[in-house]
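Only one structure is covered here, and it is reproduced in the block below.
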C-alpha cells in the first residue's frame, strides 16, 4: 500500500509501478488523479517546473481536505455565496454599462408631428 503525497489516497501497487511514478514526479508518489492534475497544471503554465506544480496541487488538496471534506454543508454554503456574489457583480456591471450610454430624453415622434404641421401650414 502506498499513500498519495498530495491527497492522501491509499492504493495498492507493485514496487515497479511505485518506482516509475516516483521517477516521473521527483521522488514523490502521487495517485493517478493527482498526476493528471499536475500534468494539466504544467500544460496551463509551461514555465512551471514539476516541483512547483506538485506544490501547487498539494496545497489545493490540503485546503480541500481541511475544509470541504470536513464540512461539506459549509462548503456548499460558501459556493452558493460565491455564485450569488458573481451574479450580483454581473448585474451591476451590466447596469453600469447601460447607464453609461447616452440616453434619449424624449421621443422623436412629437417633434416629427410638429414638423409635419408646420410644413403643411406653408
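Summary table below
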quantity	calculated
Qualifying position, being in contact with a strand residue (DSSP E or B) (Cβ under 6 Å, 6 or more places away or on another chain) and assigned to a helix (DSSP H, G or I), among 62, 18, 43	18
Identity of the residue in region 39-53, closer than 18 Å to residue 23 by Cβ and under 19 Å from the mean Cα position of the chain (by Cα), that ends up surrounded by the most Cβ atoms within 10 Å (Cβ to Cβ)	53
Filter result (surrounded by 10 or more Cβ atoms within 10 Å (Cβ to Cβ), free of Cβ contacts under 8 Å to residues at least 12 places away in the same chain and more than 16 Å from the chain's Cα centre (by Cα)) within region 64-82	66, 67, 68, 69, 70, 71, 72, 74, 77
Residue under evaluation residue 68, criteria (1) at pLDDT 85 or above; (2) in contact with a helix residue (DSSP H, G or I) (Cβ under 7 Å, 6 or more places away or on another chain); (3) in a loop (DSSP other than H, G, I, E, B), criterion not met	(1)
Condition met for residue 48 (outside any helix (DSSP H, G or I) and more than 14 Å from residue 5 (Cα to Cα))	yes
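The values are calculated or read from the model by the stated rules, or taken from the named source; none is laboratory data. Predicted model, so just to flag it, every value in this text is computed and none were measured. Cβ coordinates were reconstructed from backbone atoms using ideal geometry, including for glycine residues, and neighbour counts include every protein chain displayed.
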